[in-house]
1. Contact list please: Cβ distance under 8 Å, first residue in the stretch 88-112 and on the phi < 0 side of the Ramachandran plot and assigned to a helix (DSSP H, G or I), second residue of a type in the set (Asp, Glu) and surrounded by fewer than 18 Cβ atoms within 10 Å (Cβ to Cβ), pairs at least six apart or on different chains.
2. Just give me the residues in the stretch 200-219 being over 17 Å from Pro120 (Cα atoms), open to solvent by less than 30 Å² (accessible area, probe 1.4 Å) and either of a type outside the set (S, T, N, Q) or in contact (Cβ under 8 Å) with a residue 60 or more places away in the chain (or both), in sequence order.
3. Exactly one condition in (1) modelled with pLDDT of 95 or more; (2) more than 13 Å from Pro238 (Cα to Cα); (3) not aromatic (Phe, Trp, Tyr) is not met by Lys141; state its number.
4. Residues in the stretch 33-41: is at least one modelled with pLDDT under 95 and either more than 19 Å from Thr10 (Cβ to Cβ) or buried (at least 21 other Cβ atoms within 10 Å of the Cβ) (or both)?
5. Among the residues of the stretch 173-199, how many are of a type in the set (Val, Ile, Thr), open to solvent by 50 Å² or more (accessible area, probe 1.4 Å) and farther than 20 Å from Arg110 by Cβ?
6. Looking at Glu89, Glu94, can you tell me which residue is open to solvent by 60 Å² or more (accessible area, probe 1.4 Å) and either acidic (Asp, Glu) or in contact with an Asp or Glu (Cβ under 7 Å, 6 or more places away or on another chain) (or both)?
Amino acid sequence: MNHFCIYTNTHKDRDLLITEKLRSFLTLHGERCMVKTSPEDEIHQDVDCILVLGGDGTMLQAARDVMERKGVALLGINLGTLGYLTEVEPENMEKAMLRLLDGDYELESRMMLNGIIRNPEGGREEGWALNDIVISKADGKQVLQFTVSVNGRMLNRYLADGIIVTTPTGSTGYNLSAGGPIAEPGARLLILTPICPHTINQRSIILAPEDEIVIDIPLGREGQVQHAAASFDGCIMPMQTGDSIRIVKSEKTTDFIKLSKAGFLEVLRKKMSDN
């Protein structure tokens with residue numbers, strides 16, 4: 001690593017005390033370091049390591065900001081709660097930095113999702129997600145009716161609050177809260193989890209990474225137009241009756257820096273027992 005960017009969530013580090021401590025540490029060790037504290041701050045082109053100060057949401061935002069760049073890796077310093085995506089706790093920050101500077105780390109490539117929304121008029125919108133793509137009702141009132149097809153064959157019709165399509169990285173997020181399974185982050189697979197389905201026999205489904213998922217929004221009850229929303233790691237795109245979204249594994253990936261020698265299950269047990 002030659003050029004660092006400290007990517008700070010200022011709601012988590014309001015006085016920038018941890019940010020300045022980290023910047024000073026890196027500078028004293030002769031490293032180049034920039035600080036990003038607002039959306040307007042651009043990440044320098046030669047940055048190859050993003051040190052994220054915040055929680056999982058900040059990690060997802062940082063991943064979106066650099067997803068078009070090759071050779072950039074992320075390391076999260078947890079200022080949130082559970083912090084499944086953030087590996088380093090603040091009290092261990094300097095020790096972790098020394099290991100990073102010594103080259104004592106591994107890179108772990110995480111798969112991402114690509115989603116394309118199409119409407120009957122031929123319009124299209126495209127987005128990417130490291131965690132998940134969530135299709136949900138937009139008005140907060142009636143449940144959503146939709147159909148899911150896999151590889152051109154209809155899988156199921158759903159009546160639910162929505163559905164989550166998640167990567168293994170995102171399996172510990174909304175998917176977990178909705179009762180979906182946890183997957184090892186380095187795995188290559190897709191998970192479909194309905195949100196509050198209105199039947200008792202609908203469960204999560206694990207699919208191959210090569211599978212193509214299409215979700216269609218038909219007319220609702222009594223022929224009413226349904227309004228939905230597609231969330232790409234929190235970035236919202238509107239949908240309505242007649243629209244469809246195609247979701248596949250993206251060619252883009254996100255590199256995480258792994259310092260811990262502990263396995264995923266050990267880390268997971270610690271995260272769950274600490275909270």
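The values are calculated or read from the model by the stated rules, or taken from the named source; none is laboratory data. Small disclaimer: the values here were computed from a predicted structure and weren't measured. All Cβ positions, glycine included, derive from the backbone under ideal geometry; neighbour counts span all protein chains shown. Ligands, DNA and RNA are excluded from the accessible area calculation, which covers all protein heavy atoms including side chains. Shrake-Rupley method; radii C 1.70, N 1.55, O 1.52, S 1.80 Å.
1. Leu101/Glu31
2. Leu207, Pro209, Asp211, Ile213 - these are the residues of the stretch 200-219 that are over 17 Å from Pro120 (Cα atoms), open to solvent by less than 30 Å² (accessible area, probe 1.4 Å) and either of a type outside the set (S, T, N, Q) or in contact (Cβ under 8 Å) with a residue 60 or more places away in the chain (or both).
3. (1)
4. no
5. Number satisfying all stated conditions: 1.
6. Glu94 is the lone residue from the list that is open to solvent by 60 Å² or more (accessible area, probe 1.4 Å) and either acidic (Asp, Glu) or in contact with an Asp or Glu (Cβ under 7 Å, 6 or more places away or on another chain) (or both).
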